[in-house]
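> There's a structure below that I have some questions on.
The values are calculated or read from the model by the stated rules, or taken from the named source; none is laboratory data. Being a predicted model, the structure only gives us computed values, none of them experimental. Every residue, glycine as well, gets a Cβ built from its backbone with ideal geometry; the counts of neighbours run over all protein chains shown. Ligands, DNA and RNA are stripped out before the accessible areas are found, and what is left, the full protein with its side chains, is counted by its heavy atoms. Shrake-Rupley method; radii C 1.70, N 1.55, O 1.52, S 1.80 Å.
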Amino acid sequence: MDYLIWCATSLIIFLSFFYVYAKYRLSYWSKRGVKTLPTHLLFGNFKDCLTLNKPPAEILREIYNSADPDDPYIGFYIFHKPLLLLRDHDLIKQIMNKDFDVFPNRRFGSGLERDTVNLDSILSMKQPRWRYVRNKLTPVLTGQKLKNMISLMTDCGKVMLNFIEKLPTDKTGQKKWEVKDLGSRYSADVLASLTFGVGVNSFDEKENTFWENGVTIFRGFMRNIVFIILFFIPEWDFLIAPFIKKPANYFRNIFWDAMNTREQLAFKRGDMIDSMLALKNGEQNPIYKFEGDNLLAHPSSFFIAGFEATATTLAFVLHDLACHPEHQETLYKEIQAHLSGKEMTMDSINELPFLDCILTESLRLHPPLPVTDRIAVKDYKVPGTELIIEKDIAVYVSVNATNQDPKYFSNPREFIPLRTEKVEDKKFYESLAFGIGPRSCIGQRLALLLVKVAIITILSNYTLSSETDKKHGSNSNDAFHVFTYAADGLYVQFKKRN
């Protein structure tokens, strides 16, 4: 009996201490005059995400929309960790760009500085190593090198066309397929060629090992948990270390086979393997030596960042065009006017302004990675306010909520390629899908070019339609993941043009 009384007393004392501790930690923002939503005593504002009921992007959207329209920020908590969600365009630009020296690092992977396959890559490293590596990698994707890569992309586009051609045709002469699957196979082929210097055919079930290994990085329950931890609870990354190493083993073998062969034969192909060989044989700096897995990290990071993002972008663009035949016809006429009977080149692609508008608007509505973050490396006073963002406090941007805010966009959930918003706002939301400021995606131009080549290739040969006319604008049907997914898939019908 005494033992039971002792246990009950201990439990009461523990719960009392926990309650006091939790209330104290969850008062961080209220003490600083920052609005927050009501919080769960254990989970903070992320209960539905941490219990796997809602994707994190939808939680951040709800937090964003709960604020008053003119609030520049709103506080929130993951467990008892205070975080700040930015809501004002000017403040986002200020923090992400002008005051980059205060916010140079991402929260993503901040514990071990490891990316999603356990490599020390540009995706997760901090200053000053990040700046050094970024400067070394920037020449990899110059305009001239991108021009030289277009032929590799168009070759992969022909394989994709052949796959569509062989799809079964219904009574109306149409072929139906899930375009995220189509986009991921095309992306895998292009990125295998450009980053690892190998030719693969992900559309052939006998040769799609590269694609399957790419898919395993992003899909499945355990990988969902990995991404949640890396993006939102990086302090726990030691828990997932054993689960993120396996995919790197496959890419490690592919990479070193390509490197050794290229070095022995002494030929150049104009891809990333050439650049990695130059870095390997160049002068080394103790801050970051391009050797061993430090070399593998960069083609892997380009593949990781590009595979899912480009596949998602291509899928939503194709679906948006299928749901809006009037815009599809306008784009087709533009492509015919500039490219009919001509070779696809960087210059000819740049003559398609409506294609840029289509891409920009689809990315505004469906950003592949709908969240970005930075961490303060010292105390920072928010301009025009009395708020101090203390050192080690992270700020987040909800990309989908920011780019669908009625304060900035008329009819924000509608697909309107020729928007008339102010030029400065247009430039802002054009860039936000790839991050903003010095730490924006290094492969943005490559990703857009890859998607454009695919769209031109498909639209030149097929008309697109959708049975459901489902716009996927509200994201109410998102699958549970950090990245943007349509839970039921994105199905498009292809009909051969005469």
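> For the stretch 320-393 and the stretch 217-291, what is the separation of their C-alpha centers, rounded to whole Å?
Measuring centre to centre over Cα atoms gives 27 Å.
> Taking the full set of protein chains and a 1.4 angstrom probe, give the accessible area of Phe231 in square angstrom, rounded to the nearest 10.
Approximately 10 Å² of Phe231 is accessible to the 1.4 Å probe.
> Next up: Just read off the accessible area of His338 with the full protein assembly in place, 1.4 Å probe, to the nearest 10 Å².
Roughly 60 Å² of His338 is accessible to a 1.4 Å probe.
> Students often get this wrong, so try it: which of (1) 68, 67, 40; (2) 65, 46, 46; (3) 84, 54, 53 is Cα extents along the principal axes in Å as calculated from the structure shown?
Entry (3).
> Of Gly199, His319, Asn45, which is farthest towards the positive pole of the chain's charge dipole, taken about the Cα centre with +1 and -1 on the beta-carbons of Lys, Arg and Asp, Glu respectively?
Gly199
> What does the charge dipole of the chain about its Cα centre add up to, to the nearest 20 debye, if the Cβ of each Lys and Arg holds +1 and the Cβ of each Asp and Glu holds -1? Can you show the working numbers first?
Working: 61 positive and 58 negative charges, 108 e Å.
For the chain, the charge dipole is close to 520 debye.
> Can you give me the C-alpha center-to-center distance between the stretch 179-214 and the stretch 29-63, rounded to a whole angstrom?
38
> Largest first, what is the accessible-area ranking of Trp236, Trp211, Trp177 with a 1.4 Å probe?
Trp236, Trp177, Trp211
> Cα-Cα pairs above 20 Å in the stretch 218-338: how many percent?
Details: 4622 of 7260 pairs.
Cα-Cα pairs of the stretch 218-338 separated by over 20 Å account for 64 percent.
> Additional query: DSSP loop trypsin sites (Lys or Arg not before Pro) in the stretch 140-198 with at most 14 other Cβ atoms within 10 Å of their Cβ, which ones?
Numbers: sites: Lys145, Lys147, Lys158, Lys166, Lys171, Lys175, Lys176, Lys180, Arg185; in loops: Lys166, Lys171.
Of the trypsin sites (Lys or Arg not before Pro), the ones in loops of the stretch 140-198 whose Cβ has at most 14 other Cβ atoms within 10 Å are Lys166, Lys171.
> For the peptides 52-61, 315-324, what is the packing order when you average, over each peptide's residues, the other Cβ atoms within 10 Å and list the highest mean first?
Highest to lowest by the protection proxy: 315-324, 52-61.
> Could you do me a favour and compute the accessible area per residue for the chain, 1.4 Å probe, result in Å²? Mind showing how you got there, number by number?
On the way: 21450 Å² over 498 residues.
Roughly 43 Å² per residue, with all protein chains present.
> How many percent of the accessible area of the chain is carbon or sulfur, using a 1.4 Å probe?
Working: 11880 of 21450 Å².
Carbon plus sulfur share of accessible area: 55 percent.
> How much accessible surface does Lys342 have with a 1.4 Å probe, in Å² rounded to 10?
Lys342 has an accessible surface of roughly 130 Å² with all protein chains in place.
> Can you classify the stretch 143-278 as rounded, prolate or oblate using the Cα gyration tensor, where a ≥ b ≥ c are the square roots of its eigenvalues, rounded means a/c under 1.5, and otherwise it's prolate if a/b beats b/c and oblate if not?
It is oblate, given that a/c is not under 1.5 and a/b is not larger than b/c.
> Run the Debye formula on the Cα coordinates of the stretch 302-377, all scatterers equal and no solvent, and tell me log10 I(q)/I(0) at q = 0.11, 0.17, 0.22 1/Å.
-0.38, -0.78, -1.08
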